[in-house]
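Worksheet: the structure to be examined is printed underneath.
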């Protein structure tokens, strides 16, 4: 077998961007930064984002076999955790405080709104872009919401980080909860796909 190692296929994030739009907004058609109706959620900590897939299965045991005779996949949850640095970004505040974005539009220089006593089920479409030069990895989620929020700690030594965990669900017409797109950025990967 040929040695297909290629240092250009390593990926070191130089930027991490998160965008939100109305639930089930279509995935941007190219790898340019998404424009309207997508909203950029601003600067993110240097840790970027943490994308997780948590799967659970159940073994089916049967008499006459010392090994399971079948394994059932019972759960596959996809989530992403991000810490945003723009604590006053209206979309970030909307997601963290679990209020509609319209609640944060000021009539003067001030806005006042109530934090909900009962959590709302606010859902959006999300795009998570990771860049490395001309290479880009995009995760698109048509239907997601914030399911966990980190502690809010205003401080004098650093900006106030706003940490959230997003959980993703199937979109309209039973679309996948997460779609990945990769732009190789001109790196030759043809050796992985030899002609038949």
Provide a single number: the residues in region 159-181 that are in a strand (DSSP E or B), out of contact with any helix residue (DSSP H, G or I) (no Cβ under 7 Å at 6 or more places or on another chain) and over 13 Å from residue 78 (Cβ atoms).
2
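Specify which of the listed residues (136, 180) is loosely packed, with under 15 Cβ neighbours inside 10 Å and in contact (Cβ under 8 Å) with a residue 12 or more places away in the chain.
Values: 136 fails: loosely packed, with under 15 Cβ neighbours inside 10 Å.
None of the others qualify; the one that does is 180.
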Considering every residue within region 3-14, establish whether at least one is over 13 Å from residue 135 (Cα atoms) and within 17 Å of the chain's Cα centre (by Cα).
no
What pairs come up if the first residue lies in region 69-82 and is under 22 Å from residue 17 (Cα atoms), the second is modelled with pLDDT of 85 or more and not in a strand (DSSP E or B), and their beta carbons are under 7 Å apart, counting only those six or more places apart or on different chains?
78/177; 78/178
Residue that is surrounded by the most Cβ atoms within 10 Å (Cβ to Cβ), among those in region 140-156 that are within 11 Å of the chain's Cα centre (by Cα) and within 24 Å of residue 87 (Cβ to Cβ):
141
Residue 45 is checked against (1) surrounded by 12 or more Cβ atoms within 10 Å (Cβ to Cβ); (2) part of a loop (DSSP other than H, G, I, E, B) and fails just one. What number does that condition carry?
(2)
Limited to region 69-125, what total is found for residues that are surrounded by 12 or more Cβ atoms within 10 Å (Cβ to Cβ) and in a helix (DSSP H, G or I)?
11
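The values are calculated or read from the model by the stated rules, or taken from the named source; none is laboratory data. Not measured: the values here are computed from a predicted model. Neighbour counts are summed over all protein chains in view; Cβ atoms, including those assigned to glycine, are modelled from backbone coordinates with ideal geometry.
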